[in-house]
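Colleague: Submitted below is the structure of interest, expressed as structure tokens.
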Amino acid sequence: MNSQLAPLSPSTLTERHYEMLVQAVVDYAIFMLDPAGYVVSWNAGASRIKGYDASEAIGQHLSMFYTDEDRGAGKPEYLLGRAMREGRAQDEGWRVRKDGTRFWALVVIDAIRNEQGDIIGLAKITRDITDRHEAEGRYDALRAQLFQAQKLEALGQLSGGMAHDFNNLLTIILSAAKLASRTTDPARLASLLDNIQTAGERGAQMTRNLLTFARSEPKLCCQVNLNELLDAAATFISQALPKHMSLHMQVADDLHPVQLDPSELEMALLNLILNARDAMSGSGVVRLEASNQRLNGDVAGLQGEFVLITVTDQGCGIDPAIRARLFEPFFTTKEIGKGTGLGLSQVYGFARQAGGSVQIDSAAGQGTTMQLYLPACSTQAADTQE
């Protein structure tokens, strides 16, 4: 005798079989509602999850399972109306058991139609996901703690970066002060004093940036005229170069305006110039060029109007083996005490935050070109396309 059970065919699945199937489900509350929202059927899962027997639930309105707050806000009526209009309504929230305890429920209400397409009732499925909800709450708390820890770590790294940048500014201030003490030309003296004041103002701005980060306040971003900024920064940046090294600039006359923090751009340029200086042996030419570029995804997937700023040195080039690590925080090829490894990481972070990119073009014995791509303001890009 064959002891295997024959599979059920659709013809054998009568209405009674479906009812038995629904009643066998205990992990989900499955019951029917009439179009007005009153319970007309009740399965074993509904009894287990909600605590009501079928005799207590049938004939009651759906709203009895909702909290006082949700009933006051009209949530049961809203979900019923949505299911009637759209055919389905889904919700997550607190529900109330018979004993008054609450559980977090995932609810789906589906409209049931007859052969003519008229709604004759609603099928409601409720699942108790309290454990998952509580786990998500614990996860959110841990994520908040992790975010705070990451912020403290970032503050520590930012402090190191600020020390690195302040050291660059102090180099400019001390160099300009030394030159000012030796000159008798009033115009030259005024220019050097102006450079000292400018560097001091940059240092004050960096301090404000650090305090802004600590307070989680937004940084000052504005539309920047790059022609004016690069012209003003030329003398300021050149003070960081030794006397046998010069800065040559070639800037297009009609650079697109960009939307960013000008002090961060100036610091990025200063870091690029200082890296170019350190790549050469105390003499040579550092070239800074700027022009408008239209990208079509060939550079870091960027598309649209951009401004390209390049800084080129005449150094020995970059070893391909370490090129991929150049933008890592604290990675440096300089001797101990000569570099922190934060300069290029600041440039990289600034470029990404501005919506652009920074690229390296280097060959052994032929120097290095750092390419900084900054997106043009959207209005400028639209005007150019027109």
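The values are calculated or read from the model by the stated rules, or taken from the named source; none is laboratory data. This one's a predicted model, so the numbers in the text were calculated from it and none came from an experiment. Note that each Cβ is placed from the backbone with ideal geometry, even for glycine, and that neighbours are counted across all protein chains shown.
Colleague: Do we find a residue being at pLDDT 80 or above, aromatic (F, W, Y) and not assigned by TED's automatic domain parsing to the domain that holds T171 anywhere in the stretch 322-334?
Modeller: The answer is no, given that none of the residues of the stretch 322-334 is at pLDDT 80 or above, aromatic (F, W, Y) and not assigned by TED's automatic domain parsing to the domain that holds T171.
Colleague: Quick one: which residue in R287, R294 is of a type in the set (K, R), touching a His at 6+ places or on another chain (Cβ under 7 Å) and at pLDDT 85 or above?
Modeller: R287
Colleague: State all residues of the stretch 85-135 that are more than 18 Å from E69 (Cβ to Cβ), of a type in the set (G, A, S) and touching a residue at least 24 places away in the same chain (Cβ under 8 Å); if no residue qualifies, say none.
Modeller: Those that are more than 18 Å from E69 (Cβ to Cβ), of a type in the set (G, A, S) and touching a residue at least 24 places away in the same chain (Cβ under 8 Å): G87, A111, G121, A123.
Colleague: Taking the stated definitions as given, is L189 modelled with pLDDT of 85 or more and either hydroxyl-bearing (S, T, Y) or touching a Ser or Thr at 6+ places or on another chain (Cβ under 6 Å) (or both)?
Modeller: So L189 fits the description; yes.
So that you can scan it fast, the table gives a plain yes or no per residue for (1) without any contact (Cβ under 8 Å) to a residue 12 or more places away in the chain; (2) under 25 Å from C377 (Cα atoms); (3) surrounded by 18 or more Cβ atoms within 10 Å (Cβ to Cβ):
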| position | (1), (2), (3) |
| --- | --- |
| P262 | no, yes, yes |
| M280 | no, no, yes |
| N292 | no, yes, no |
| L295 | no, yes, yes |
| D298 | yes, yes, no |
| Q303 | yes, yes, no |
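Colleague: Between a residue in the stretch 264-275 that is touching a residue at least 12 places away in the same chain (Cβ under 8 Å) and part of a helix (DSSP H, G or I) and any residue that is of a type in the set (S, T, N, Q) and crowded, with 23+ Cβ neighbours inside 10 Å, which pairs come within a Cβ distance under 8 Å, given they are 6 or more apart or on different chains?
Modeller: Pairs that qualify, where the first residue is touching a residue at least 12 places away in the same chain (Cβ under 8 Å) and part of a helix (DSSP H, G or I) and the partner is of a type in the set (S, T, N, Q) and crowded, with 23+ Cβ neighbours inside 10 Å: there are none.
Colleague: Looking for something touching a strand residue (DSSP E or B) at 6+ places or on another chain (Cβ under 9 Å) and under 26 Å from N225 (Cα atoms) - is there at least one such residue anywhere in the stretch 314-324?
Modeller: No.
Colleague: Can you tell me which of (1) over 16 Å from F31 (Cβ atoms); (2) touching a strand residue (DSSP E or B) at 6+ places or on another chain (Cβ under 6 Å); (3) modelled with pLDDT under 90 is the one R82 doesn't meet?
Modeller: With (1) over 16 Å from F31 (Cβ atoms); (2) touching a strand residue (DSSP E or B) at 6+ places or on another chain (Cβ under 6 Å); (3) modelled with pLDDT under 90 applied to R82, the lone miss is (3).
Colleague: Limited to the stretch 77-87, what total is found for residues that are surrounded by 13 or more Cβ atoms within 10 Å (Cβ to Cβ) and charged (D, E, K, R)? Write out each step before concluding.
Modeller: Filtering the stretch 77-87 down to residues surrounded by 13 or more Cβ atoms within 10 Å (Cβ to Cβ) leaves 77-84, 87.
Still in the list and also charged (D, E, K, R): 77, 82.
Summing the residues that are surrounded by 13 or more Cβ atoms within 10 Å (Cβ to Cβ) and charged (D, E, K, R) in the stretch 77-87 gives 2.
Colleague: Take the residues in the stretch 39-76 that are surrounded by 15 or more Cβ atoms within 10 Å (Cβ to Cβ) and of a type in the set (K, R); name whichever of them is farthest from R97 (Cα to Cα).
Modeller: Applying the filter and picking the extreme gives K75.
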